[in-house]
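Heads up, the thing below is written out as structure tokens.
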Amino acid sequence: MNGLGRPGRFWSARRVPAGLTALVLLGALGLLLYDIVSERTGHPVMEWRRWLAEQLATRPLHDGWIVGIAVALIVIGAWMVALALTPGLRGLLPMGHDENDADAIRAGIDRTAVRLVLRDRAMAVPGVRAVRVDVGRRRIRARAQAHFRDLDEVRADLLTALGDGIRQLGLARRPGLSVRVRRPAR
């Protein structure tokens, strides 16, 4: 492990959805509170509240507008819960840091950058004609085409080169490595 910490995933700030939701709720609740206080002090109820109460009293529950609004509110609510419970920066892989260093900066590397680095390392292996590297959070898959060396030798060299590359990247959670080598189609 060589002293590298295991930081968790990066969470996105999500300021825009939170801010918009807060503004909409603040405006709606402020308007409703104003209307209720106005009614309690003897002033007439606002027209929108009277209209809304009449619509809710006269429309059946299976009306298309009622069902549509209910479905829209459920979808928006589920979206907000999903935003609250999931980390948003899934394309950013956390890198390890020294646990003893209190001033350590938390670092991450983009999956695309990892893919490019490992692809370049794989192309440097003798006998590799083409390679495709897919980087997931838990597994890295490399599919290579070999054109003049034995497939087992190329696979062993690729495992070594890509394994060293993953180690040198310093990821907090070292992903598994899967390598497939084949001859190009004729």
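The values are calculated or read from the model by the stated rules, or taken from the named source; none is laboratory data. Keep in mind it's a predicted model, so treat the numbers as computed, not measured. Here the Cβ is made from the backbone with ideal geometry for all residues, glycine too, and neighbour counts use every protein chain on show. Surface areas here come from the heavy atoms of the whole protein model, side chains and all, with no ligands, DNA or RNA. Shrake-Rupley method; radii C 1.70, N 1.55, O 1.52, S 1.80 Å.
Listed here are the residues, each with its yes/no results for (1) in the same structural domain as residue 157 (by the TED database); (2) touching a Leu at 6+ places or on another chain (Cβ under 9 Å).
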site: 42; (1), (2): no, no
site: 46; (1), (2): no, yes
site: 73; (1), (2): no, no
site: 142; (1), (2): yes, yes
Margin query: For the structure I just gave you, tell me whether residue 140 is in contact with an Asp or Glu (Cβ under 9 Å, 6 or more places away or on another chain) and under 24 Å from residue 10 (Cα atoms).
Written below: yes
Next item on the list: Kindly indicate whether any position in the stretch 112-134 is part of a loop (DSSP other than H, G, I, E, B), within 21 Å of residue 13 (Cα to Cα), open to solvent by less than 80 Å² (accessible area, probe 1.4 Å) and β-branched (Val, Ile, Thr).
Entry: no
Note to self: I'd like the residue in the stretch 140-163 that is part of a helix (DSSP H, G or I) and of a type in the set (A, V, I, L, M) and, out of all such residues, is nearest to residue 112 (Cα to Cα).
What the structure shows: 162
Checklist line | the stretch 138-172, residues that are basic (Lys, Arg) and surrounded by 14 or more Cβ atoms within 10 Å (Cβ to Cβ) | finding: 141, 143, 149, 155
Item checked: Selection within the stretch 156-186 - of a type in the set (D, E, K, R) and over 15 Å from residue 131 (Cβ atoms) -> 164, 167, 173, 174, 186
Note to self: Just to be sure before I move on: is residue 93 under 26 Å from the mean Cα position of the chain (by Cα) and either aromatic (Phe, Trp, Tyr) or assigned to a helix (DSSP H, G or I) (or both) in the structure I sent?
What the structure shows: no
Next item on the list: Of the conditions (1) more than 13 Å from residue 179 (Cα to Cα); (2) among the aliphatic types (A, V, I, L, M); (3) in contact with a helix residue (DSSP H, G or I) (Cβ under 7 Å, 6 or more places away or on another chain), residue 144 clears all except one; give me its number.
Entry: (1)
